[in-house]
Amino acid sequence: MFFRMSLSQGSYMLVNSSQHAVGHRAQLMLQTLSENDTHCVQFSYFLYSRDGHSPGGLRAYVRVNGGPLGSSVWNTSGSHAKQWHQVELAVSTFWPNEYQVLIEATVSRERRGYIAIDDIMVLNYPCYKAPHFSRLGDEEVNAGQNATFQCVASGRAAEAEKFLLERHNGDILTTASVKHLSHRRFVVSFQLDNVQQTDQDLYRCVTQSPRGSGVSNFAELVVKVPPSPIAPPQLLRAGSTYLIIQLNTNSILGDGPIIRKEIEYRASQSPWSEVHGVNVVTYKLWHLEPDTEYHISVLLTRPGEGGTGPPGPPLVSRTKCAEPMRALRGLTAADMQSRQLSLQWENLAFNLTRCHTYSVSLCYRYTTAGGGGGHNTTVRECLAVEHNASRFMLRDLPPYHGIHVRLSLANPEGKKEGREVTFQTEEDIPGGIAPESLTFTPLDDMIFLKWEEPVEPNGLITQYEISYQSIESSDPGINVPGPRRTVSKLKNETYHMFSNLHPGTTYLISVRGRTIKGFGQTALTEITTNISAPTFDYGDMPSPLSETESTITVLLRPAQGRGAPVSTYQVVVEEEMVKKVKRELGLQECFPLPMSHGEAQARGTPHYYTAELPPSSIPEASPFTVGDNHTYNGYWNSPLDPRKSYLVYFQAMSNFRGESRINCIRIARK
């Protein structure tokens, strides 16, 4: 009910604040509008309290296409004298879009006075007091860049005009810069810094003043993520100074379109990197260092500033070694004695080796004259030089002999040999047969022994006497010490082949030369024959004892050690391939490298150890089930796949002093 005051004649809408609680709201929703041309929404309001207190607040909202209400585009509060005031809303939303104006009154804490609205009209000409915005265009930027909305408006901007950028969800950005193009045209710019995908939304420009508001259409901020490859590039081929790669950019993270592709690469230990533009699927990186690891990534760029995405996953690859630049130079003798030479040469550098994996070998030769006019013997040997060393000591050389030395520098890609340099050792006192001159090659039942004639024969050598005796054996069936046997050799026979020996047996061998005055100093050496592979007592391949879909039971017979006892047994399963040539019984290759079922699957290897058994577990012929799903010494006896064919092998191994011998036999086929 109105207090006594004269208001305009006619109808209007009114809220008497004294009749409502604090915070009560009244809303007036106008009909939905879809205009084709410039227009102006105009209404009048009355906001008055006799004692000067605020009766409440009045707000106007513009909802577009049934979306969220958002923030108010115009608002006022307080007591505005006992009169009507006119407000204009310049809404720049046109067909086919539609909008709805909502006017809301809210009762204040004072609860005194009146809030009224009247004369709501949609005029078919521009607003006079509120500026009209031109169409606001969509803005597309790349993530991490700044986005700018340029809001162009026609009309006069009041001094108290506020400029806002409203997000669709109602968030407000108030920081703006205003540029006047003419007395009735100006541009308001809003900048969003470092936008991310979470900032992608609809935005509109709003001006606010006591006399009205201008509201633009909603424009979309599209935030694109600069693209980056999901997978690293693929290596197609590597050379010593180049790498050929495939970009592998079919799958990406982020947004397209891709307008530029680049290769970024650097040496792993280098702080610098280079970027090459690429317009082909494959690319060849030139002028690289040999035997150097490189990190290679692909950069992708989409349109717009900041459109280059982060580098994709790197391909870590190494160039091949290049052939050594040249042979080593500067080979000289730092010190020469009767039985040794101290040699030195130039320092090694990478520009010479052109590979981090290289070897330097020192090969030397010398010729010794046989005593009493016998034949000459040429000794040749090549020795590996310690990595990065430029000095080497040659020892155990014959006195007063010419030593011919040659250096070789090699890496996986090639070898360079230097010129041969000759040095001469100094003289020394006479002596007998040098023990270090005895050279031998042990086999399992033979030993080949070679020696040089005495350094100083002191006469004519007439014969050599060789004695040998077994003194130790790893085979318990061999009786040691054995009988001592003696063999005589002619003066020109400085070698001997011992035959019919026992495997895995150590022999004490002595050699001495004789002149007409008798035998000289004896040279002693101990030589151990190699052990032999164990033997199996199988004839033809035995029939399996039993068989199921995933198992096969076979008979395991103990093997006989030769020179050393059997140290371990393995049961090996090999998947039989369609095109694989069948292995004949007793002629097949064995399986020295341990390979579990899981490792075989990971590496694509057709065979694996299904069990490893100690000799004590097979004192006699015993059955064993292949595929029983148990574990034997760490090897899973995996059930067999009924869809595949398998070959089963029984393998025995003997070990003695770091020497291993292995034998295997095929015992079943499933």
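The values are calculated or read from the model by the stated rules, or taken from the named source; none is laboratory data. All values derive from a computational prediction rather than experimental measurement. FYI the Cβ positions are ideal-geometry reconstructions off the backbone, even for glycines, and counts take in every protein chain you see. Ligands, DNA and RNA are stripped out before the accessible areas are found, and what is left, the full protein with its side chains, is counted by its heavy atoms. Shrake-Rupley method; radii C 1.70, N 1.55, O 1.52, S 1.80 Å.
Just to be sure I understand: if I project the alpha-carbon convex hull of region 434-593 onto a plane and average over all orientations, what area do I get in nm²? Spell out each step's value before the answer.
Numbers: hull surface 56.1 nm².
Averaged projected hull area, Cα only: 14.0 nm².
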### Query
Taking the Cα centre of each part, how many Å lie between region 19-73 and region 306-348?
84 Å
#### Entry: Solvent-accessible area per residue, Å², over region 615-670 with all protein chains present [probe radius 1.4 Å]
50 Å²
### Message
Testing the spin-label approximation: label points 7 Å from Cα along Cα→Cβ at Lys179 and Glu493. State their distance in nm.
### Response
11.1 nm
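Of all accessible surface on the chain at a 1.4 Å probe, what whole percent is carbon and sulfur? Please report the intermediate quantities before stating the final value.
On the way: 16510 of 34800 Å².
Using a 1.4 Å probe with all protein chains present, the chain comes out at 47 percent carbon and sulfur.
Leaving out ligands and nucleic acids, note down the accessible area per residue over region 121-189 with a 1.4 angstrom probe, in whole Å². Can you show the working numbers first?
Details: 3980 Å² over 69 residues.
The answer is 58 Å² per residue.
Give me the number: length gained by fully extending Arg50 to Asn351, i.e. 0.36 nm times residue separation minus the C-alpha to C-alpha distance, one decimal in nm.
On the way: separation 301, 0.36 × 301 = 108.36 nm, distance 9.86 nm.
That works out to 98.5 nm of additional length.
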### Query
Which of the aspartates and glutamates could a cross-linker span from Lys491 if the Cα-Cα distance has to be under 12 Å and same-chain partners fewer than 8 positions apart are dropped?
Glu452, Glu453, Glu465
### Task
Run the quick spin-label model on Leu593 and Ser77: label points 7 Å from Cα toward the beta carbon, then report their separation in nm to one decimal.
8.2 nm
### Query
Using a simple spin-label model with points 7 Å from Cα along the Cα→Cβ vector, what separation in nm is obtained for Glu140 and Arg484?
10.1 nm
### Task
Taking the Cα atoms of region 1-150, report the difference between the largest and smallest coordinate on each principal axis, in whole Å and largest first.
59, 37, 25
### Message
Over region 291-346, what is the relative contact order in percent, taking alpha-carbon pairs closer than 8 angstrom and at least six residues apart?
### Response
28 percent
#### Entry: Mean Cα-pair separation over length for region 504-629, i.e. relative contact order, pairs under 8 Å, 6 or more apart, %
26 percent
### Summary
Computed on Cα atoms, the radius of gyration and Dmax of region 86-176 in angstrom are 17.0, 53
#### Entry: Among Gly67, Pro96, His85 the positive-end extreme of the charge dipole of region 1-135 (Cβ point charges)
His85
### Query
When the C-alpha atoms of the chain are aligned to their principal axes, what extent does each axis show, in angstrom, from largest down?
159, 72, 47
### Task
Give, rounded to the nearest 20 debye, the magnitude of the charge dipole that the chain has about its Cα centre when Lys and Arg contribute +1 at Cβ and Asp and Glu contribute -1 at Cβ.
1360 debye
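For region 355-426, what is the convex hull volume of the alpha-carbon atoms per residue, in Å³? Numbers along the way, then the final one.
Details: hull volume 7.1 nm³, N = 72.
For region 355-426, the hull spanned by Cα atoms encloses 98 Å³ per residue.
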### Task
Jot down the radius of gyration and Dmax of region 184-238, Cα atoms only, both in angstrom.
21.0, 75
### Task
Can you check what the net charge comes to around Arg562, using other residues whose Cβ is under 10 Å from the Cβ of Arg562 (Lys, Arg +1; Asp, Glu -1)?
-2
### Task
Between the alpha-carbon centers of region 147-182 and region 590-665, tell me the distance in whole angstrom.
81 Å
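Note down the net charge around Glu323, summing +1 for each Lys or Arg and -1 for each Asp or Glu among other residues with Cβ under 11 Å from its Cβ.
Working: positive: Lys320, Arg326, Arg354, Lys415, Lys416; negative: Glu413.
Around Glu323, the charge tally is +4.
Quote the FRET efficiency, to the nearest 0.05, computed for Tyr400 versus Trp286 with a Förster distance R0 of 56 Å and r equal to the Cβ-Cβ distance.
Details: r = 56 Å, r/R0 = 1.01.
Once rounded, the FRET efficiency stands at 0.50.
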